[in-house]
Amino acid sequence: MQWTTARIRAAKGQQKLACLTAYDYATATLIDGAGVPLTLVGDSLAMAMLGYTTTLPVTMEEMLHHTAAVVRGVTQSLVVADMPFLSYQVSLEQGLANAGRFIKEAGADAVKVEGGAFRAPLVEALNQNGIPVLGHIGLTPQSIKQVGGYKVQGRAPEQVTQLLADAAALEAAGCFALVLECVPEPVGRQLTAAAGIPTIGIGAGRYCDGQILVTHDMLGLHSHLTPRFAKRYAELGATMTAAFDAYKDEVEAGTFPSDEHAY
Ligand code: KIV
């Protein structure tokens, strides 16, 4: 059965939502086949696929290109496109026009924007024009230059008060769910209890309504260290390296192709 934003909302308190990122057709088909309810074409594309050190450089055109590939691989999962840095911050008009491109040109089901209560007017404008929005608070990587690093947010009481106000404002503006990134587990729990919409945690502890991981992290595709919250469910980087080494050895030794691979 097709996942819709209404079905994601209705899952709160009923079913934990196991969400993942995808950036290409092949991975999207596998994620969709596993029954994952929400597939995010994250701007983590910048780092996972394009080799940048932050999410900031990825462009609208790159995000559209990868979102369209993911949409082609999915039959049931809700596809959310992450709006890249400066595609929605300049003006409501530009935010609306760029969000519309993800729906119209790439076939996404919804968009994600980073930011708290100050983002409510954009969320309202998108909703009023038929574009569902996933909010994103806590650590917001598009503000990394201002935040000063990938640090846990919401440790101070005044930050928790602000996060609660942000979550309430984004829900009132019409977000169908909220990503909570890198907040202490008790804060994730408090935000989840206070919100009427599902919270989807990444480094936000056990009590969120759902979880999301960057697929490259959970598959062990990186050689560099992954963050503490990113459990590695596989070591595909090591598996791929072994395959590349074996192929190279066999070609060099003349044992590939053998009879069975030749016409
Ligand atoms: O870009 C991304 O992958 C994200 C997730 C970490 C939520 O925003």
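Summary table
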{"quantity": "The stretch 35-83, subset farther than 22 Å from Ala6 by Cβ and of a type in the set (D, E, K, R), residue nearest to the ligand (Cβ to nearest atom)", "calculated": "Asp43"}
{"quantity": "Considering residues of the stretch 88-125 that are more than 19 Å from the chain's Cα centre (by Cα) and crowded, with 20+ Cβ neighbours inside 10 Å only, the residue nearest to the ligand (Cβ to nearest atom)", "calculated": "Leu122"}
{"quantity": "One residue from Cys175, Cys182 being more than 10 Å from the ligand (Cβ to nearest atom), out of contact with any Asp or Glu (no Cβ under 8 Å at 6 or more places or on another chain) and of a type outside the set (S, T, N, Q)", "calculated": "Cys175"}
{"quantity": "Among (1) within 24 Å of Asp82 (Cβ to Cβ); (2) surrounded by fewer than 19 Cβ atoms within 10 Å (Cβ to Cβ); (3) at pLDDT 95 or above - the single one Thr192 does not satisfy", "calculated": "(2)"}
{"quantity": "Criterion (of a type outside the set (Phe, Trp, Tyr), surrounded by fewer than 16 Cβ atoms within 10 Å (Cβ to Cβ) and within 16 Å of the ligand (Cβ to nearest atom)) met by exactly one of Pro198, Pro227", "calculated": "Pro227"}
{"quantity": "Qualifying residue in the stretch 207-215 (condition: in a helix (DSSP H, G or I) and at pLDDT 95 or above)", "calculated": "yes"}
{"quantity": "Pairs with Cβ under 9 Å, 6+ apart, first in the stretch 10-39 and without any contact (Cβ under 8 Å) to a residue 40 or more places away in the chain, second of a type outside the set (S, T, N, Q) and surrounded by fewer than 18 Cβ atoms within 10 Å (Cβ to Cβ)", "calculated": "Ala34/Ala18"}
{"quantity": "Residue pairs meeting the criteria (Cβ under 6 Å; at least 6 apart or on separate chains; first part of a helix (DSSP H, G or I), in the stretch 105-119; second charged (D, E, K, R))", "calculated": "Ala117/Asp166"}
{"quantity": "Residue match in the stretch 91-103 (condition: at pLDDT 95 or above, under 22 Å from Ser44 (Cα atoms) and not in a helix (DSSP H, G or I))", "calculated": "no"}
{"quantity": "Of the criteria (1) away from the ligand (no atom under 12 Å from the Cβ); (2) surrounded by 15 or more Cβ atoms within 10 Å (Cβ to Cβ); (3) closer than 15 Å to Met218 by Cβ, which one Tyr25 fails", "calculated": "(3)"}
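The values are calculated or read from the model by the stated rules, or taken from the named source; none is laboratory data. Here the structure is a predicted model, which means the values were calculated and not measured. Cβ: placed from backbone, ideal geometry, glycine included. Neighbour counts: every protein chain shown.
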